[in-house]
Amino acid sequence: MSQAADAHHGHLNSAGEHGPHHPVSYYVKIWALLLVLLVISIAGPMLGNKVLTLVTAFGIAVVKALIVAAFFMHLNIEKKFVWYMLLAMLLAVVMFFLGTAADVMKYDGSHWTKPTSYLYTEEFKKAFSGGEEHEGHDADEFDSKALPNVPYGETESHKAQGSHKSEGHGLPAAEPRHGT
Amino acid sequence: MAMVQPIATRRSATGIPTGKLAMWWLLGSEITIFGGLLVSYIMMRIMYAPWAEAAAHTNTLAGSINTFVLLTSSLFAVLAHHAAEQKNGKLAAFYLWLTIGGALTFLVVKGLEWTNEIRHGFTITANSFWSFYYTAAGLHGLHVIAGATAMAIVSFDCLRGKNLQRVELVGIYWHFVDIVWIFLFPLLYIAK
């Protein structure tokens with residue numbers, strides 16, 4: 001669209017496009033709203049309710065981000081093309097997520113088991129968080145000690161024989177999971 | 001047009017000046033970079049119990065102060081754009097320097113925070129959580145430095161009343177840096 005075509009719609013800024021025409025107080029109000037949301041997002045998780053934490057911490061983060069994008073970046077008056085482009089990029093992130101989550105979010109399937117699968121078991125979680133004070137605890141050190149116990153390709157047969165239970169890492173092996 | 005403007009400003013095939021369109025594309029690519037990082041973090045955090053333990057050691061006060069600082073610097077960035085719209089280059093430069101002040105404050109707080117964490121043994125090699133923590137916050141910190149540098153360069157033109165349209169472009173970039181932090185903040189500091 002040329003500048004001439006735009007001109008009859010109103011004022012053009014130095015870049016040849018419509019500029020925002022808000023007073024300074026408009027932006028200060030939005031900033032104040034963002035600060036109120038910030039306080040809520042800090043205070044909410046202090047109550048210790050898991051659902052409330054998710055809503056206040058992450059729900060409000062989304063709201064804050066949308067407010068900044070819409071009113072500070074002026075996406076509310078930007079051409080739809082920009083919205084589509086940004087949404088396409090978000091879709092790319094979702095595709096990356098779906099592609100990797102199928103592997104990362106699972107630790108065994110019908111023909112495979114991760115060597116570190118015990119890390120994701122309830123037993124490990126209990127053993128990890130139920131122990132003594134672990135100030136400065138090194139979780140990866142724990143990881144490396146246990147790795148050789150469950151090599152790739154042997155886990156299914158080991159599980160069938162029950163031969164590697166409580167080896168090395170002192171934790172029960174992951175129970176086989178089916179239906180994946 | 002009294003002054004010849006660069007082609008990035010004059011040409012407008014999509015109805016959006018090319019310079020601004022380029023900035024949006026840059027931010028589109030940044031969405032995949034930071035989006036990938038954040039999604040990786042969420043997957044590991046859900047799956048791997050020690051990450052929740054490690055996250056409990058991050059400094060919520062430092063994170064909160066820095067969120068406040070970035071939100072406020074975003075206000076200054078949009079006010080700089082507002083001043084540039086009114087062809088007030090000197091005021092735009094003033095607000096840009098206030099925004100740069102926010103960037104420097106952010107980096108000082110981050111420096112103090114990291115120093116304290118490293119002194120407690122939480123280094124980038126301590127475990128995978130801290131490795132992620134320094135990578136994500138470090139990459140974001142580099143964006144803060146890049147944004148502050150770009151704003152400083154633009155501000156010198158503003159003082160001479162030149163290329164005022166660029167104030168909006170650095171502003172858009174800065175707001176994106178703010179948005180990335182808005183998501184890093186609850187992930188690293190709040191959800192414990």
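The values are calculated or read from the model by the stated rules, or taken from the named source; none is laboratory data. Keep in mind the model is a prediction, meaning the values are calculated, not measured. As a convention, Cβ positions derive from the backbone with ideal geometry for all residues, glycine included, and neighbour counts pool all protein chains shown.
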I need the full set of residues from the range A:104-114 which are assigned to a helix (DSSP H, G or I) and more than 10 Å from chain B (Cβ to nearest Cβ), in order please. none
Return yes when residue B:46 is surrounded by fewer than 18 Cβ atoms within 10 Å (Cβ to Cβ) and closer than 30 Å to residue A:36 by Cβ and no when it is not. yes
How about the range B:32-145: which helices (runs of 4 or more DSSP H) wholly inside it have at least 3 residues that are modelled with pLDDT of 95 or more and within 12 Å of chain A (Cβ to nearest Cβ)? B:60-85, B:89-119
Please count how many residues of the range B:1-31 are facing another protein chain (nearest Cβ under 7 Å), at pLDDT below 80 and assigned to a helix (DSSP H, G or I). 1
